[in-house]
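Asker: Okay, here's the structure, questions in a sec.
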Amino acid sequence: MKNERDIKIRKRLEALRAEILKVIGWSETASSGGGAMDEIDQANELIEKEMGYLMSSNMSNNLKEVEEALERIKNKEYGKCQHCGTEISSKRLEVLPFAKFCVTCQENLESNNH
Ligand SMILES: [Zn+2]
């Protein structure tokens, strides 16, 4: 069910955010979240994979992406393409939990930028 997926994704995003904050040195903000440590341990394997991806790009930008995704979960808008409104496939969200656009729009945007 949708709600269960959102809860799961939210935990992943929160763990991810804590990791990013740690890396960019805002650990005091990360620890104020509280209670998330167990989940971070549990999600460690995934996080490592995600961090590998994140490390290759801009950290504070990623933090923004993660926070925006958390915001979308709160507003029950999560999982929808911010461009065309289509549901983003769960497979894509599995790989990129803070994905903003569906594959089609992402590709369009990327090809427009080049
Ligand atoms: Zn789209």
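Asker: Being within 13 Å of R10 (Cα to Cα) and either surrounded by 16 or more Cβ atoms within 10 Å (Cβ to Cβ) or more than 8 Å from the ligand (Cβ to nearest atom) (or both): is that true of L109 here?
Answerer: Answer is no for this residue.
Asker: Can you name every residue in region 58-96 that is of a type outside the set (S, T, N, Q), closer than 19 Å to K8 by Cα and open to solvent by 70 Å² or more (accessible area, probe 1.4 Å)?
Answerer: E67, E71, K74, K76, E77, K80, E87, K91, E94, V95
Asker: Just need a number here: residues in region 97-106 that are farther than 22 Å from L21 by Cα and either assigned to a loop (DSSP other than H, G, I, E, B) or open to solvent by 40 Å² or more (accessible area, probe 1.4 Å) (or both).
Answerer: Counting residues in region 97-106 that are farther than 22 Å from L21 by Cα and either assigned to a loop (DSSP other than H, G, I, E, B) or open to solvent by 40 Å² or more (accessible area, probe 1.4 Å) (or both) gives 5.
The values are calculated or read from the model by the stated rules, or taken from the named source; none is laboratory data. Quick caveat: nothing in here was measured; it's all calculated off a predicted structure. Because the Cβ atoms are built from the backbone with ideal geometry, glycine has one as well, and the counts that use them run over all protein chains shown. Accessible surface is based on the protein model in full, side chains and every heavy atom, while ligands, DNA and RNA are left aside. Shrake-Rupley method; radii C 1.70, N 1.55, O 1.52, S 1.80 Å.
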